[in-house]
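This report refers to the structure that appears directly beneath it.
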Amino acid sequence: MRLALAYLLLGLSPLFAQSNLAAGMQQDIADLKIEVDKLKMENSDLREAIAKQKASAAPASSSSEIASRQRSDILNEVDRRLKQHTADVNAALAELTRQVNASLAKAPAKNNNQAATAAPAAAAAPAAEDNLPADMPRTGVTYKVKQGETVTRIARQLNSKTEWILKANKLTNAAALKADAEIFVPQAETPAQ
C-alpha cells in the first residue's frame with residue numbers, strides 16, 4: 001500500500017513542477033504586458049505634447065524649428081523602440097506559450113522511469129524564415145543571463161557557439177548581452193546514447 005502511494009506521488013511530481021513553471025510563465029507574460037502598456041502611454045504622451053506645441057506655436061523661428069525637429073526625431077526614436085519592444089514581447093509570449101503547450105503535452109506521456117531521468121526540454125529556434133544560416137542548429141534551450149556572464153562563457157557552458165547565440169538573438173555584438181535577459185542558445189542535436 002505504501003509502495004503504491006509512493007509510486008503515485010512520484011508520478012505526480014512532474015505535473016506539480018510543470019504547474020509551477022506555467023504559473024511563473026504566466027506572471028512573466030503579465031509583467032511584459034504591463035511594460036508594453038507603459039511604453040504605449042509614454043509614446044502617446046509625447047505625441048500629445050508635440051501636437052500641443054505645434055498648435056500653440058507662432059510662426060517658428062529657426063531655433064524653434066530646430067527644437068521641433070529634435071523633438072520629432074526623439075518621438076520617432078521612441079516609436080521605433082516601442083515597436084521593437086512590442087515585437088520582442090510578442091516573440092517572448094509566443095515562445096512562452098509554445099513552452100507551456102509543450103510541457104502540458106508531454107506531461108501525460110511520461111512514465112515514472114522517464115520522469116526521474118528526463119533532461120530539460122529543448123526549445124525550438126525561430127522558423128526557417130528567420131534569415132539564420134542553414135548550418136546553424138534550430139534546436140537549443142532558453143537561458144536567462146546572469147550578471148557578469150559573457151556570450152563566450154554561455155556558449156562554452158551550454159555546448160554552443162558564440163556566433164550561433166549572437167545570430168539567433170539578433171545581437172550586433174557580445175556587448176549587447178544584458179543581465180536578466182532571456183536568450184535562445186542553439187545546440188547541435190546529438191545522437192542518443
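The values are calculated or read from the model by the stated rules, or taken from the named source; none is laboratory data. For clarity, every value in this text was computed on a predicted model and none was experimentally measured. Ideal geometry is used to build each Cβ from the backbone, glycine not excepted, and the neighbour counts take in all protein chains shown.
Here are the numbers for the structure shown:
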| read-out | value |
| --- | --- |
| Criterion: modelled with pLDDT under 90 and either closer than 25 Å to Gln187 by Cβ or among the acidic types (Asp, Glu) (or both) - qualifying residue of Glu129, Glu77 | Glu129 |
| Test for Gln147: is it at pLDDT 90 or above, exposed (fewer than 13 other Cβ atoms within 10 Å of the Cβ) and either farther than 27 Å from Gly11 by Cα or not polar (S, T, N, Q) (or both) | yes |
| Residues located in the stretch 150-190, provided they are surrounded by 12 or more Cβ atoms within 10 Å (Cβ to Cβ), of a type in the set (S, T, N, Q) and closer than 15 Å to Arg138 by Cβ | Ser160, Asn169, Gln187 |
| Residues being more than 26 Å from Val89 (Cβ to Cβ) and not β-branched (Val, Ile, Thr) - total across the stretch 164-193 | 5 |
| Criterion (modelled with pLDDT of 85 or more, of a type in the set (Val, Ile, Thr) and part of a helix (DSSP H, G or I)) met by exactly one of Val89, Val100 | Val89 |
| Where Ser160 falls short, out of the listed (1) in a loop (DSSP other than H, G, I, E, B); (2) modelled with pLDDT of 80 or more; (3) touching a helix residue (DSSP H, G or I) at 6+ places or on another chain (Cβ under 6 Å) | (3) |
